[in-house]
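Where a number appears in this text, it was derived from the coordinates with a stated rule and is not lab data. Note that this is a predicted model, so its numbers are computed, not measured. No Cβ is skipped: glycine too gets one built from the backbone with ideal geometry, and neighbour counts run over all protein chains shown.
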Amino acid sequence: MHVYLELLAREASAVEFEGPIIEARARGADPAEIAELERAKVEALKVRELLRRRARREAELSALYDTASDLAGLRDVDAVLEAIVHRARQLLATDTAYLTLHDPERGDTYMRVTDGSISAAFQNLRLALGAGLGGLVAQTARPYSTADYFADARFQHKDHIDSAVHEEGLVAILGVPLKLGQRVIGVLMAANRSARPFHQEEVALLTSLAAHAAVAIDNARLLQETRNALEELSAAHRSLREHGNAVERAARAHDRMMELVLQGRGIEDIAAVVTETGELTVLDGQGRPITGPHTPADPGILEAAQASRSLGRTVRRGDLLIASVDVGGEPLCTLILRSDDADERILERAALVCALLLLFRRSVAEAEGRVRGELLDDLIARPEDEGLAERARRLGIDLAEPYTLIVARHQGQRERAAFWASAEAALAHGLAAARPDEVVLLLPGAQDARRVAKELSAALASPATAGAAGPVRGPGAVRPAYHEAQRCADALIALGRRGDGTSAAELGFLGLLIGEHRDLPGYVASALGPVLDYDRRRGTTLTATLAAYFATGGSPSRTAEAMHIHVNTVSQRLERIGRLLGDGWQEPERALELQLALRLHRLST
């Protein structure tokens with residue numbers, strides 16, 4: 001019997017256990033001895049099989065232990081899944097192994113990881129619950145195996161599943177559920193490309209691996225979620241820190257700007273704080289530049305400024321940041337910063353500081369405007385007041401110098417017109433007063449009424465009509481000049497020329513009717529001056545010829561008869577007159593002015 005112990009000890013093959021019996025028969029042993037050897041052989045083979053199973057179980061347990069250790073060391077979900085599938089293929093010595101996961105949104109399972117697969121269709125396969133072997137395992141949460149997939153009728157065969165399995169060349173398949181508690185999260189499968197039964201020990205081995213795998217998958221998932229949460233917290237922390245730093249920078253910039261305001265500095269100094277990070281332009285409420293390198297004419301910028309006022313925050317347009325502030329719906333200022341990395345909060349605070357500064361300046365200007373307006377009202381209403389000249393000197397107005405008085409008629413919008421007039425007077429070092437439907441300006445030197453009408457019309461977005469009178473010298477000349485300017489503005493409105501500006505001198509003979517001084521010689525000189533000068537220098541009779549021409553109804557032949565000269569001479573004289581007076585002298589309105597000037601000239605000689 002010891003011979004079989006020796007064979008067991010050296011792990012001999014099953015064939016070697018026949019050796020003692022063959023040897024006994026060869027030496028002629030009796031049947032009883034041979035029968036005893038037969039019994040001993042059977043028992044020895046049983047022991048050998050038992051040892052082999054225990055050795056295999058020990059190897060499997062060792063492999064499971066190693067697998068659990070490997071899975072415990074992995075932190076990435078993809079790495080965990082790949083390790084599970086690869087180890088399953090190794091432990092069961094199959095041609096391929098693969099893993100499907102449950103999709104809660106679609107209610108099926110999808111191929112997640114494969115090892116040893118060669119078919120793209122198989123690698124992208126989806127299995128509904130109960131469809132195919134994998135779908136059956138996912139639905140029942142129980143292991144299933146088949147030695148011949150296509151011949152097995154225990155599960156539903158679907159065309160797209162069978163096609164993918166056939167393309168992969170699989171025959172024998174074993175699948176076990178991946179379970180977390182009572183919930184199936186997927187299926188772990190091993191498969192061969194030839195027929196092969198799967199023993200109970202192999203099913204148990206793959207089930208054990210699946211149990212480890214499910215826990216590892218869940219741990220990796222929880223770890224990934226934790227990492228994601230930590231990254232989100234870290235990002236939130238960085239964002240809060242950056243926000244805090246930005247707020248602190250904006251607060252420091254705001255303090256610097258307020259110090260500048262308290263020091264009496266202007267908008268240019270406020271802008272210098274912002275221009276450390278870019279190129280800044282500051283616009284007033286009418287879109288005119290206060291400071292900065294350029295004037296934006298793009299309608300998109302004006303639209304962005306309106307959006308900024310509506311939203312109460314900075315608006316970006318390309319590489320431009322626009323912050324605009326209004327008061328009572330009226331735009332006050334707009335800041336435009338060209339920069340890629342500027343702090344919007346600094347720009348917003350700069351806009352508020354500029355708005356406050358402009359409001360302060362407006363208040364000062366309005367107070368000064370009221371004083372100047374009261375002086376102009378008194379010059380018009382009480383020119384005999386002896387203290388007017390002294391009041392004017394205190395405001396920097398020397399009434400001994402020539403001034404132009406302008407009356408600008410408008411339709412409503414008294415406050416906006418008054419603000420514009422006050423600003424205009426302040427810039428020109430003059431006076432301004434506001435009435436319900438007009439503003440009155442007393443500006444130094446010669447002023448153009450057309451310019452005033454044009455600029456006030458633009459500020460009000462409606463026609464303003466201006467009349468001018470002057471030069472004005474002394475307090476006593478203001479009232480008559482005011483009435484003359486009023487008559488000029490009224491004349492323009494009566495002539496249908498709203499939005500225009502003029503003076504009595506520019507109105508021609510109409511100015512004689514509405515002018516305060518009615519300068520007849522001046523009118524004659526302005527209308528006939530070139531012809532009169534020519535006659536005086538040359539001793540000619542062009543003036544008389546022109547008078548005869550108008551008196552005969554503009555007929556050259558009748559003019560020749562009246563003057564007893566040849567008609568060609570008349571034509572030559574009329575040609576000379578045309579060159580002196582310029583084109584259009586025979587137009588009805590111009591001809592009327594010339595005839596009036598000829599009458600006045602005749603009466604004065």
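Counting Lys and Arg as +1 and Asp and Glu as -1, each charge on the Cβ, what is the dipole of region 74-225 about the Cα centre in debye, to the nearest 20?
Numbers: 14 positive and 18 negative charges, 64 e Å.
That gives a dipole near 300 debye.
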Looking at VAL113, PHE150, ALA210, which one has the Cα that reaches farthest to the positive end of the dipole of region 74-225 (charges on Cβ: Lys, Arg +1; Asp, Glu -1)? ALA210
Say the dipole of region 74-225 comes from +1 at the beta carbon of Lys and Arg and -1 at that of Asp and Glu; which of GLY169, THR96, GLY186 then lies farthest toward its positive end? GLY186
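Rank by packing, highest mean first: peptides 433-444, 193-204, 119-130, with packing defined as the count of other Cβ atoms within 10 Å averaged across residues. Please list the in-between numbers first.
Working: 433-444: 20.6, 193-204: 14.6, 119-130: 16.8.
In descending order of packing, they fall as 433-444, 119-130, 193-204.
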Give the cross-link partners of LYS158 among the aspartates and glutamates, using a straight C-alpha distance below 18 Å as the criterion and excluding same-chain residues fewer than 8 apart. ASP108, ASP148, GLU167, GLU168
Mean Cβ count within 10 Å, highest first, over the residues of peptides 221-229, 163-171, 466-474: 466-474, 163-171, 221-229
Once you list every other residue whose beta carbon is under 12 Å from the beta carbon of GLY501, what net charge do they have if Lys and Arg are +1 and Asp and Glu are -1? +2
GLU506 and GLU561 label points (each 7 Å along its Cα→Cβ direction) are spaced in nm at 4.5
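Given the Cα-Cα distance of ARG435 and ARG10 and 0.36 nm per residue of separation, how much length would full extension add, in nm? Show your work: numbers first, answer last.
Numbers: separation 425, 0.36 × 425 = 153.00 nm, distance 12.66 nm.
Answer, rounded to one decimal: 140.3 nm.
How would MET189, MET258 line up from fewest to most surrounding beta-carbon atoms within 10 angstrom? If you can, show how the numbers build up before the last one.
Values: MET189 27, MET258 14.
The fewest-first ordering by Cβ neighbours comes to MET258, MET189.
Taking 0.36 nm per residue of separation and subtracting the Cα-Cα distance, what length does fully extending ALA29 through GLU259 add?
On the way: separation 230, 0.36 × 230 = 82.80 nm, distance 12.40 nm.
Roughly 70.4 nm would be gained on extension.
Using R₀ = 60 Å, calculate the FRET efficiency as 1/(1 + (r/R₀)^6) where r is the Cβ-Cβ separation of LEU233 and ASP148; round to 0.05. It would help to have the intermediate numbers written out before the result.
Numbers: r = 54 Å, r/R0 = 0.90.
Plugging the Cβ-Cβ distance into 1/(1 + (r/R0)^6) gives 0.65.
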